[in-house]
Amino acid sequence: MVDVAINQGAPGVDGESIADIEAGGAQGVRQFLDGLATQIREKFYRPKPLRRVRIPKPGKPGETRPLGIPTVTDRVVMAAAKIVLEPIFEADFSPQSFGFRPKRSAHQALEAIRQAANKGAVWVLDADIKACFDEIDHDALMGEVERRVVDRQMLKLLRSWLRAGVFEGGIISDTESGTPQGSPVSPLLANIALHVLDRAWRAAGSRAGILVRYADDFVVLCPTEERAEAARDLAAATLAPLGLRLHPDKTRIVCLRQGKEGFDFLGFHLHMRESAKFKGRYYLQKWPSDRAMASIRAKIRDRTPRGYAGRELAVVVEELNPVLRGWGAYFRYGNSSRKFSAVDGYVHERLAKLASVKHGLSGRNWTTRYTYGWLSTLGVYRLTGTVRYWNANA
């Protein structure tokens, strides 16, 4: 219940929220949990359909991705099941897998890629699984779960979540494939299913290249183009029994050698650049991708529109700073100085234009009218100077 309460989240199909339950105080929460425990113990518990919502894709205007929101009751049971199941599967999970796992992160995955590329694995299979969370075959997924779990009640519970259905537009639709994306247990189920990739690479050995997987996003780094092509075939063959396939338009093989090509992964663009100190030597660098830059610019625009001219600038900055801090905290571990400077410049421009509107001033000479000194007095969080070297032990 604690984890679910921390995450809050929107209500499910029953309209009940965490706030509704907490409104009754400690006694209300206790009654809720006791009643739920009774339902499970006496086998009356039945999950409700997921409430389907569609959220914008970052950096892709007009595109959305679907989320299935469980009820608070279902989220609590899912979170409890995850606590039980996660250690069982963590014992088998591969070090090549970094997504949604305890003490593992996106930055660790990016560091693994950097090390492999700098050692000569410069041909990259940049893979994209088409609609992974929507198309995972239920029977195949449960087959993977049953490798480690034999308790019939737990297996029945997992199947009931997979088959709970989706409520959208006043209609409940059956779910014959996919995992309940947006639920506490969904990332674990995806990792269980996609562990087949990790096993396939472990069995194939070094000739298959170096797999780096973050949930359903993965790349394979190889020393030659031929091995990268073989890795693509192996991935496709491994995913097929799960009902999954590589996206034909988004899966590609790129060559990093001497900065020839680059690729995006986990929000960063990765590209080899020649060393300023050692001419002729190339090392992998990373910085915020074009999509990540478009995303932060959109967030800045949304918080500095002309319509906010009536607000105090201090209030605008107070709402803007957490966005800049959060974005910068993720991208600070990389070669992001130029991108950070560009974001700072854009923030300066947007706030100066807003100030011009606020004071009825015209013209575009905001750089001389509202200087860096003026910006500093507002207390705007600056990204410049915050780039750090990634330390896995920090």
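Out of the total accessible area of the chain (probe 1.4 Å, heavy atoms of protein only), what percent is carbon and sulfur?
For the chain, the apolar C and S fraction of the accessible surface comes to 51 percent.
Please compute, for the alpha-carbon atoms of segment 65-174, the extent along each of the three principal axes and give them in descending order in Å.
Computed over segment 65-174, the largest-to-smallest principal extents equal 52, 35, 25 Å.
State which entries of Lys119/Lys250; Lys57/Lys103; Lys48/Lys130; Lys82/Lys119; Lys286/Lys358; Lys48/Lys103 exceed 29 angstrom in Cα-Cα distance in the structure shown. Write down the numbers at each step before the final one.
Numbers: Lys119/Lys250 26 Å; Lys57/Lys103 27 Å; Lys48/Lys130 27 Å; Lys82/Lys119 38 Å; Lys286/Lys358 39 Å; Lys48/Lys103 32 Å.
Result: Lys82/Lys119; Lys286/Lys358; Lys48/Lys103 exceed 29 Å.
Which lysines, on any chain, are close to Lys353 with Cα under 19 Å apart, when same-chain ones fewer than 8 places away are left out?
Lys299
Rg to Rh ratio, segment 252-362, alpha-carbon atoms and Kirkwood radius? The partial results should precede the final answer.
On the way: Rg = 18.0 Å, Rh = 16.0 Å.
Rg/Rh: 1.12.
Run the reach check for Lys260 against aspartates and glutamates, Cα to Cα strictly under 17 Å, same-chain hits fewer than 8 apart removed. What comes back?
List returned: Asp126, Glu225, Glu274.
Return a whole-number percent for the relative contact order of segment 222-279, with Cα pairs under 8 Å and 6 or more residues apart as the contact set. Don't skip to the answer; put the middle values down first.
Numbers: 34 pairs, mean separation 12.0, N = 58.
Relative contact order comes out at 21 percent.
Averaging sequence separations of C-alpha pairs under 8 Å and six or more residues apart, then dividing by the length of the chain, give the relative contact order as a whole percent. If you can, show how the numbers build up before the last one.
Numbers: 565 pairs, mean separation 60.5, N = 394.
Across the chain, relative contact order equals 15 percent.
Long-range amide H contacts for Phe98: which residues qualify at under 5 Å (H placed 1.01 Å from N, peptide plane, sequence gap of 5 or more or a different chain)?
Arg213, Tyr214, Ala215
Output needed: percent of Cα pairs per 10 Å distance bin for segment 217-268, bins running from 0 to the one holding the longest distance.
21, 53, 24, 3
Exactly which GluC sites (Glu not before Pro) in segment 163-264 are in a DSSP loop and have at most 14 other Cβ atoms within 10 Å?
Details: sites: Glu168, Glu176, Glu225, Glu226, Glu229, Glu261; in loops: Glu176, Glu261.
For GluC sites (Glu not before Pro) across segment 163-264 that sit outside H, G, I, E and B with at most 14 neighbouring Cβ atoms in 10 Å, the list reads Glu176.
Segment 135-289: percent of C-alpha pairs farther apart than 21 Å? If you can, show how the numbers build up before the last one.
On the way: 6791 of 11935 pairs.
Roughly 57 percent, once rounded to a whole number.
What would the Debye formula give as log10 I(q)/I(0) at q = 0.10, 0.13 Å⁻¹ for the alpha-carbon point model of the chain, no solvent?
Taken in order of the listed q values, log10 I(q)/I(0) reads -0.83, -1.21.
Sorted by mean Cβ packing within 10 Å, highest first, what order do the peptides 281-288, 49-56, 199-206 take? Write out the running numbers ahead of the final one.
On the way: 281-288: 19.1, 49-56: 17.2, 199-206: 13.2.
Peptide ranking by packing, descending: 281-288, 49-56, 199-206.
Among residues other than Leu270 whose Cβ falls under 12 Å from its Cβ, what is the net charge (Lys/Arg +1, Asp/Glu -1)? Mind dumping the intermediate values first?
Details: positive: Arg114, Arg273, Lys286; negative: Glu111, Asp126, Glu261, Asp264.
Around Leu270, the charge tally is -1.
Could you compute the net charge surrounding Arg332? Neighbours are other residues with a C-beta less than 11 Å from the C-beta of Arg332; K and R count +1, D and E count -1.
On the way: positive: Arg325, Lys339, Arg388; negative: none.
Neighbourhood net charge equals +3.
Within segment 335-389, which chymotrypsin sites (Phe, Trp or Tyr not before Pro) sit in a loop by DSSP and count at most 10 neighbouring Cβ atoms inside 10 Å?
Working: sites: Phe340, Tyr346, Trp366, Tyr370, Tyr372, Trp374, Tyr381, Tyr389; in loops: Tyr370, Tyr381, Tyr389.
Answer by residue number: Tyr389.
So which GluC sites (Glu not before Pro) in segment 55-162 are both in a DSSP loop and have at most 16 other Cβ atoms within 10 Å of their Cβ? Can you show the working numbers first?
Values: sites: Glu63, Glu90, Glu111, Glu135, Glu144, Glu146; in loops: Glu146.
Those satisfying the criteria are Glu146.
The values are calculated or read from the model by the stated rules, or taken from the named source; none is laboratory data. Note that the structure is a prediction, hence the values are computed from the model and not measured. Ideal geometry is used to build each Cβ from the backbone, glycine not excepted, and the neighbour counts take in all protein chains shown. We work out accessible area using only protein heavy atoms, side chains counted, and drop any ligands, DNA or RNA first. Shrake-Rupley method; radii C 1.70, N 1.55, O 1.52, S 1.80 Å.
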